[in-house]
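Every number in this text was worked out from the coordinates using simple rules, so none of it is lab data. Please read these numbers as outputs of a predicted model, since none were measured by experiment. Every residue, glycine among them, receives a Cβ derived from its backbone with ideal geometry; neighbour counts consider all protein chains shown.
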Amino acid sequence: MKIRTNQKIKVLSMYDPNYGITVPQQITWSGREHRISEIASYRARKYGTVTIHHYLVTDGSLDFHLSFDSETLTWKLYEVDTVVN
């Protein structure tokens, strides 16, 4: 079941020099912490002078579509979906 949202969230991340990007490690959503187990997709898009980094990640139970705004340094959650095995 997909849940669409557009809310700012708390993200624990680190910069990975091997890939040259910031990598989300854990997110806090709806009062629960979700440790990221895999990054399925990453892309960066330019909107004028601002770069928005888009991530599709999973914690093994839920898939998350996240974005990081390079100008405001904020993370947003756009969509949550259950993992289909």
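Observations, loosely collected:
- For the range 61-77, taking the residues that are buried (at least 16 other Cβ atoms within 10 Å of the Cβ) and among the aliphatic types (A, V, I, L, M), the one that is farthest from SER13 (Cα to Cα) is identified as LEU62.
- Any hit, the range 25-42, residues being under 16 Å from LYS8 (Cβ atoms) and either among the aromatic types (Phe, Trp, Tyr) or in contact with a helix residue (DSSP H, G or I) (Cβ under 8 Å, 6 or more places away or on another chain) (or both): yes
- Of residues in the range 29-60 being touching a residue at least 24 places away in the same chain (Cβ under 8 Å) and not aliphatic (A, V, I, L, M), the one surrounded by the fewest Cβ atoms within 10 Å (Cβ to Cβ): ARG35
- Tally of residues being of a type outside the set (Lys, Arg) and more than 12 Å from the chain's Cα centre (by Cα) across the range 7-36: 11
- From the options THR72, THR51, THR28, residue that is of a type outside the set (A, V, I, L, M) and part of a loop (DSSP other than H, G, I, E, B): THR72
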